[in-house]
Amino acid sequence: MKTFTKVVVLTTTLALAACAKSPFDRSGNGAGAGAGSLDNGGISSSALDANSPAYFNQTIGDTVLFAVDQSTINDTARATLSQQANWLNNNTTYSAIVEGHADEQGTREYNLALGARRAAAARDYLVANGVADNRLRTVTFGKERPLAVCSTEECYAKNRRAVTVISAGVGS
Amino acid sequence: MMKMLLTCLAFVMAVSAAQAEPLRIELDSPNIEPLPFAAPAFIAETAGADQYARDLAAVVSSDLQGSGLFRAISQDAFISQITSFDSPVQYADWKAINAQALITGAVSTTGDGQIIVKFRLFDVFSEDQLGEGLQFVGSTNGWRRMAHKVADAVYSRITGEGGYFDSRVVYVSETGPKNARLKRLGIMDYDGANQQFLTDAQAIVLAPRFSPNGDRVIYTSYESGFPKIYVLDVASVGRRVLQDQPGTMSFAPRFAPNGQDVVFSLTTGSNTDIYKLNLDSGQRTQLTSSPAIETAPSYSPDGTQIVFESDRSGTQQLYVMSAGGGEATRISFGQGRYGTPVWSPRGDLIAFTKQNRGRFHIGVMRTDGSGERLLTASFLDEGPTWSPNGRVIMFTRETAGSGGSSTLYSVDISGRNLKAVQAQASDPSWSPLLK
C-alpha cells in the first residue's frame, strides 16, 4: 500500500510536468484525485524500469538528509547521491533541479541560505560523480515547504533535506 | 493616495490661570501608569456627519488606549456632555471622573465628498488647552486616517515624541496547510484595518519591505520558480523583477534611506553574500565576500552603516559594517544565535531575533551591542519591524505543530503591551508616517 501511494504521487508529478507546469508548484494538492479509480493490484506488483524517473525517485531515493544547521553529505547521503549520479549518467535526456530545505527552527533568511548550501552540497557531489554541470540547477526553499509538519525532531529530521527533482530535457 | 489638508484653528481658547504639573508621559520612565483620558463622541456639525462623529472618537480612543500609555474613561462615567465644539469646558466635571486629558472634536461633511475634522486637547488639571486646535480636511473614505492623525497629535503633545498611528504595514498573508501554505502580499493600517492584497497566491512571497517614503515595496517571490527580488509600486500594484545574474538566487532585500539603493543577499553556488544595487543605474556592488552565510542587511537611518547577520564565527551573529562594505565588527556576544537585525528609525537601537535553548525571542540592543534586552519569548518569534517613532516593534509569532499558524504581534521596546495585531500573517514591515 505504501508503494502504491508513492506511485500515485509520482504519476501526478509527471502529469504536472507534462502540462509544462512549474515543478515548484506544490500548492496544487491534486495527488489523491484519481487514486480511487486506479487498479491497486496491477500497479503495486509491476517492476519499475531502472531507467524511469519512478525508479530514481523510489528505488534510489530522491532525498538526502542533513544534521541540524549542517550541509555536510553523510555516508547515507553519499550512497544515495552516488546512485543518483549513476542514474543521471545513464539517462542523459533528463536534467534535475536540486532543492534545498531547512526545518522550521531558524529565521527565514538564514534558512534560505542554509537550504542553498544543502542544495549546492548535493549538486556538487553529483557533479563530482560525473554529472554535467549544465544539467543541474539548485533552488532553496528555506523553511517554506516542510515535508513533515509536526514540531518535533522526528519531523525536523525529515525536513532538513535536499531533493533531486528529475525533469525531461537535457539542461541549459 | 488621499490628499489631506491640515490647518491650525484660528481661535484659541482663553488661557487659564490655574497651575498644575503639565500633562506629560515620559516614555523612558521605567513605570508608566496609563494616563486616563476622555474622548466624547465628536460633534456632528452637519447632517450626515453623525456616524463619522461617533467612529472618529472611537478610533482615536482605540489608538491611544492601544498604545498602552493611555486609558479611555467610559462614556457612561461622563458628567458633562459636549454639546458644541466651542462651548467652554466644564473642567470640574472632568476632574471629578479623574480624566487628565480631554479630547473634543467636531466633524462636518461638504457637498463634494469631503469631511472636515477639528479637534482640541485639554489638560484637565491645569485647566488649559494643550497646543492649538487642529483641522483636517480629506475625502470621506479616509476618515480613519484623520482619526489616526488626531491620535498622533495627542500622543505627540503628551509624550513629546512623534506618533505612529497614521501608518501602514505590508506583510505576508498566510493560508492553507503548513506544507503547502499559500502566501500573498497584504497591506493594512497599522491596527489591522483596511486589509488589501497586493499579489495573488500563485507563488511564494517573502519578507516585503517598504521604501523610505512608503510608495514602493521590495520583496522576494518564487514566481520564476527561483527566489528573486521584485519591486512593487503600492499605488498601481505594478511590479518588476530586479536585474540579476542567471543561475543565482536573491532574497532579503531592504531599501537604503536614500530610496535609490537596495541591499540584499545573493546566493551563488553554496555561498550567500550581501550586495548593493542602485535602482537608477543598475550598478551592483558586492559588500561582503566570505564563504559564510551573510544575510538580513539593514541600513542605519543616516545610511552610513549596515547591520547584518553572518555565521562566519560558526553560528549566526550580528555584525556592523560601513555602507560601502569591508571590515565588519561583531556586536552580539550573548548566549545563542542572533538574526534579522533591524536598525531603529531613531538610530539608537537594533532589534533582532534571538534563538537560545530551543526558544525564540525578539530583543533590542544598542548599536554597539551593549544593553541587550529580550522583549518576548515563545516557540517561534522572528522578524522585527519598527514603528515610525521607534517605540513599538511588530513581529511574527508562529505556533508549534501541524496546525501551527503565524500571527503578527506588537510590543513596546520596554517589553510592555504585547498584543496580537493580525492573524494568518507573517513578515510585517511598518511604513513611515503617512503624509
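The values are calculated or read from the model by the stated rules, or taken from the named source; none is laboratory data. Given the structure is predicted, the values throughout are model-derived calculations rather than measurements. Every residue, glycine as well, gets a Cβ built from its backbone with ideal geometry; the counts of neighbours run over all protein chains shown. Surface areas here come from the heavy atoms of the whole protein model, side chains and all, with no ligands, DNA or RNA. Shrake-Rupley method; radii C 1.70, N 1.55, O 1.52, S 1.80 Å.
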Worksheet item: For the stretch B:330-361, which trypsin sites (Lys or Arg not before Pro) are both in a DSSP coil and crowded by at most 13 other Cβ atoms within 10 Å?
Response: B:357
Discussion item. As I understand it, the value is the acute angle between the Cα axis of helix B:50-66 and the longest principal axis of the Cα atoms of chain B; what does it come to in degrees, rounded to 10?
Written reply: 60 degrees
Worksheet item: What is the stretch B:211-290 by shape, rounded, prolate or oblate, if you read a ≥ b ≥ c off the alpha carbon gyration tensor as root eigenvalues and call it rounded for a/c under 1.5, prolate for a/b larger than b/c, and oblate otherwise?
Response: oblate
Worksheet item: Taking +1 at the Cβ of each Lys and Arg and -1 at the Cβ of each Asp and Glu, which of B:141, B:106, B:119 sits farthest along the dipole of the stretch B:97-148 towards its positive end, judged by Cα position relative to the Cα centre?
Response: B:141
Worksheet, complete the sentence: If one compares the long axis through the Cα atoms of helix B:143-159 with the longest principal axis of the Cα atoms of chain B, the angle in degrees, nearest 10, works out at 90 degrees
Worksheet item: According to a simple spin-label model (label point 7 Å from Cα along Cα-to-Cβ), what is the distance in nm between residue B:236 and residue B:268?
Response: 3.3 nm
Response to the item:
Computed for chain B: size of charge dipole around the Cα centre, +1 on C-beta of each Lys and Arg, -1 on C-beta of each Asp and Glu, debye to nearest 20, value 1060 debye
Practice prompt. Show the residues, 5+ positions off or on another chain, whose built amide H is closer than 5 Å to the amide H of residue B:174.
Written response: B:425, B:426
Fill in: Dipole magnitude of the stretch B:160-245, debye to nearest 20 (Cβ charges: Lys/Arg +1, Asp/Glu -1, about Cα centre)
400 debye
Practice prompt. Give me the net charge of residue B:216's neighbourhood, meaning all other residues with Cβ under 11 Å from the Cβ of residue B:216; Lys, Arg count +1, Asp, Glu -1.
Written response: +1
Practice prompt. Work through the residues other than residue A:85 whose Cβ is under 15 Å from its Cβ and net out their charges, Lys, Arg +1 and Asp, Glu -1.
Written response: 0
Discussion item. Taking 8 Å as the Cα distance limit and 6 or more residues as the minimum spacing, I'd like the relative contact order of the stretch B:35-159 as a percentage.
Written reply: 28 percent
Item to complete: Treat every Asp and Glu Cβ in the protein assembly as shown as -1 and every Lys and Arg Cβ as +1, leave all other atoms uncharged, and give the resulting dipole magnitude about the Cα centre to the nearest 20 debye.
Response: 1420 debye
Item to complete: Report, to the nearest whole %, how much of the accessible area of the protein assembly as shown belongs to carbon and sulfur atoms, 1.4 Å probe, protein only.
Response: 51 percent
Fill in: Solvent-accessible surface (1.4 angstrom probe) belonging to residue A:158, in square angstrom, nearest 10
90 Å²
Worksheet, complete the sentence: Between residue B:114 and residue A:50, the two model label points (7 Å from Cα along the beta-carbon direction) sit apart by a distance in nm of 8.2 nm
Discussion item. How far apart, in nanometres, would the label points at residue B:330 and residue B:87 be if each is projected 7 angstrom from Cα along the Cα-to-Cβ direction?
Written reply: 6.9 nm
Worksheet entry | Per-residue SASA entry for residue B:136, accessible area with 1.4 Å probe, Å² rounded to 10 | 10 Å²
Worksheet item: Applying 1/(1 + (r/R0)^6) with R0 = 30 Å to the Cβ-Cβ distance of residue A:68 and residue B:286, what FRET efficiency is obtained, to the nearest 0.05?
Response: 0.50
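Once the cut-off is 50 Å, how many percent of the Cα-Cα pairs in the protein assembly as shown end up in the long-distance tail?
Roughly 21 percent, once rounded to a whole number.
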Discussion item. 5 Å is the cut-off here: which amide hydrogens, built 1.01 Å from N in the peptide plane, fall below it relative to residue B:261, excluding neighbours closer than 5 in sequence?
Written reply: B:256, B:279
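With Cβ to Cβ distances under 15 Å as the rule, what net charge do the other residues near residue B:232 carry (K, R +1; D, E -1)?
Taking every Cβ under 15 Å from that of residue B:232, the sum is +4.
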Item to complete: Considering only DSSP beta bridges where both residues belong to chain B, give the percentage that are antiparallel (nearest 5).
Response: 95 percent
Worksheet item: residue B:24 to residue B:302: extension gain in nm, 0.36 nm per residue of separation minus the Cα-Cα distance?
Response: 97.1 nm
Worksheet item: Which residue, B:316, B:75, B:129, has the most motion in a Gaussian network model of chain B that connects Cα atoms within less than 10 Å?
Response: B:75
Discussion item. For chain B, what is the number of Lys pairs with C-alpha distance below 25 angstrom, counting only pairs 8 or more positions apart or on separate chains?
Written reply: 16
Discussion item. Suppose all protein chains stay in the model; what accessible area per residue would a 1.4 Å probe give for the protein assembly as shown, in Å²?
Written reply: 41 Å²
Fill in: the stretch B:217-291, relative contact order in percent, only Cα pairs under 8 angstrom and at least six apart counted
19 percent
Response to the item:
When B and A pair up, the total accessible heavy-atom area removed from solvent (1.4 Å probe), in Å² to nearest 100, is 3300 Å²
Worksheet item: Which value at 222 nm does chain B reach when only helices count, each DSSP H run of 4 or more adding -39,500 (n - 2.57), with the total divided by all residues and rounded to the nearest 500 deg cm²/dmol?
Response: -3000 deg cm²/dmol
Worksheet, complete the sentence: Here the FRET efficiency for residue B:243 versus residue A:168, based on Cβ atoms and R0 = 30 Å and rounded to 0.05, is 0.50
Item to complete: Check each of the GluC sites (Glu not before Pro) in the stretch B:250-327 and keep only those in coil by DSSP with at most 16 other C-beta atoms within 10 angstrom; list them in order.
Response: B:327
